[in-house]
Each structure stands twice: as C-alpha cells, then as structure tokens.
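Working notes for the structure below.
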Amino acid sequence: MRRPIGKILFVGLWCVIGTGVGILLVAAIKSKNSKTCTGWKISISTASEKAFVDRKEVLDLLTSGGMRKITGRSVMSFDLRQMEAELKRNVWIREAQLFFDNNQVLQVNVTERQPVARIFTRLGSSFLMDSSGVQIPLSDKFPARVPVFTGYPDATIRVHGPDSVLTSQIRRLSAYILSQPFWMSQLSQIDITPGRTFEMIPVVGNHLIEFGDGDDYEQKFHRLFIFYKEVLSKTGFDKYSKIDVEFDGQVIGTKKGAAISRYDSLQAIRNIQQLIMTARQLQADTVSRQDTRPLERSTMTEQTLTNYDLVPEDDSVRRSAPGRTPETRPKRPVSGNNHPSVVTRKRGKDK
C-alpha cells in the first residue's frame, strides 16, 4: 500500500511542478510579447575585405524602404520568419537570422555569399559563382578579386546534368587558387576547352599551361610550381610555348624555336623572385583571416629538387604521352622518387 501511494505522490508533485513552470513560461512570453521593440542591431558576416551588401540595404529590406517602422512596435507584431525570407531574396544574402534579446532589441544576423570565381560564357555573358555553386550577378560596388574562367558552355551555371561535373571542378579549383597567394598573382585567366579541360594563361611568362581536367589539382599545381622554380627560373619564362601537367608524375614542356637571350633569362629570374615575394606578402596580410598554407612552403615543395632528368625527345617519350581526349586521359606511372620527370619538346615536331 505504501509503494503505490508514494508513486502517486511523486507523480503528482512533478505534475504540479511542470504545470507551474508552464504557467510561468506562458506568462513570460506574454509579458515579452506585450513589450515594444526598443531598437535594432545589424551584423553582417563576410569573408571579403569589403561587404557586397551594407547595413542600409538590410534596413531597407526590413522596413520596405522606410514604409514600415521597427522601433516602437509590439514584439508580438513581428513575423520574424517572413522577415528572414524577405532578406534572403537579396542575391547576396545566403543566411539571415532574426530574434529579440532581453532588452527587446531586434538582432539581425546576416551571412553574405562568398564569390569564388568570375565566369565568362561562350555567348559573352559574365557572372559570379559563390562557394556553394550558386550563380550571382556582378556587383556594382566594387569588383570581386577571384579567379577568372572563360569559355563556360552554358548561359547559366549547371548544377545538374553533364556540366555539373565541370561546375564542381571550377568551384574546387577556384577555392584552391584563392587559398594560394602565389597562384592568385600568377594566373591571369583559365580557359575552358570544348573537351571540358582547363588551359591557364600566366601573368609572368609567354606560355600556355595545359592543366587537363580538375582532378588531382593539388598535385598538378605542385608539379607546375617545381617546374617554375627549378627550370623556368633558370632558363627564362619565354623558352617554352606550352607546359603540360596533365599526366601523373611528369611535366611536358614544348620549347620555342627561337633562342633565349641571357638578358631575358636574368629578367625572368627577377620576375619570379618578385612574384614569390609578392605572394608571401599577400600571405602575411591574409593569415589573420584564413588558415592557409602557401604551396611554396609545403613540405612537398621543400624536399630536394635536384634529381631531375631532362628526358630527350624520342619515340618512347611519344608513346608515354599519346594524344589526349576528354574520354581517355592516359596516366604515366610515377617513378620511384617523388619528383616529376621533365620532358622537353621542340615546337613543330610533336605539337
């Protein structure tokens, strides 16, 4: 008899406590809703140096251009979900959160979209792509300093269908280049070929970089950087017309026909030294905003770089680098060491 009575008393006690808490909570909510808004605070989260959407634009969206007041209104009269939806209609706003604090101040937290690439289509139109692959228009405030891609096959970004893989590769390449100040300084633009591969045009040097598709992009950039540091910095940046890093474990350079003067070689060395110095300065300026590790400081780049073999052009070299198509991209096995082999070619013989 004592046990059932004890259980009944225990359950009854907790029911009374729960009811009391519920009554207090409802009373607190009614008390808060009956109060009026005392002001607002707008916070904008952006990964850029400057915001593409400012506080005035956010306030205009909240007040419908000044037609709807905020201060002095009852807290209960605010439809926060609807206001969040109105803010998200702005193409530059990715997320929006609104709530009232204990002082009845409307807190507005806005997260801005981060552009990672500027894309030019084959039809001549241009737009930006953000970190999630969403197409956004160009800003009329200031240009976004992002990698430039040309020759996109469609008028709009495709996240489904055949070109969805290309869009994903562009997004990954752009994010990587943005994290590397050296490549941000060196790459002028990236062309998309009809075969959905990438050709890069550098700022320093009169050559074309054949990159292949967007797979294994970190290894390809690593091999390209080694070729810059160990070959082009000594021979000159105008000695090769093409540099191909598409194949695993090798770099294929197509030489120009004209000889390179000693002055051009020395000038190229000064250019690359200045480029590396500028990239390091940019890295020092951005280290407080993002955790990046430049390629020239990576452990792979700092390993011994003296065991290179300049492979002469012969039939075996030709067989190791057959004609490339989007469907078949041959891979050459990596040699025993970790260094890519360098294949040099004379213009007009193979390409």
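The values are calculated or read from the model by the stated rules, or taken from the named source; none is laboratory data. Predicted model only: the values in this text are computed from it and were never measured. Don't worry about glycine lacking a Cβ; one is built from the backbone with ideal geometry, like all the others, and counts go over all protein chains shown.
Of the residues making up the range 164-205, those that are of a type in the set (S, T, N, Q) and either over 15 Å from Phe221 (Cβ atoms) or surrounded by fewer than 21 Cβ atoms within 10 Å (Cβ to Cβ) (or both) are Ser164, Thr167, Ser168, Gln169, Ser179, Ser185, Ser188, Gln189, Thr193, Thr197.
Evaluate the following for Ile243: is it closer than 23 Å to Gln180 by Cα, at pLDDT 90 or above, assigned to a helix (DSSP H, G or I) and in contact with a Leu (Cβ under 9 Å, 6 or more places away or on another chain)? Criteria not met by Ile243. Going by what's in this entry, would Gly124 be described as in contact with a Ser or Thr (Cβ under 7 Å, 6 or more places away or on another chain), on the phi > 0 side of the Ramachandran plot and at pLDDT below 90? For Gly124, the condition - in contact with a Ser or Thr (Cβ under 7 Å, 6 or more places away or on another chain), on the phi > 0 side of the Ramachandran plot and at pLDDT below 90 - is not met. Applying the criterion of being over 11 Å from Arg196 (Cα atoms) and among the hydroxyl-bearing types (Ser, Thr, Tyr) to the residues of the range 140-163, the residue that is surrounded by the most Cβ atoms within 10 Å (Cβ to Cβ) is Thr150.
The criterion of being assigned to a loop (DSSP other than H, G, I, E, B), out of contact with any Asp or Glu (no Cβ under 9 Å at 6 or more places or on another chain) and surrounded by 15 or more Cβ atoms within 10 Å (Cβ to Cβ) holds for Val91.
Going through (1) surrounded by 11 or more Cβ atoms within 10 Å (Cβ to Cβ); (2) within 18 Å of the chain's Cα centre (by Cα) one by one, Phe78 falls short only on (2).
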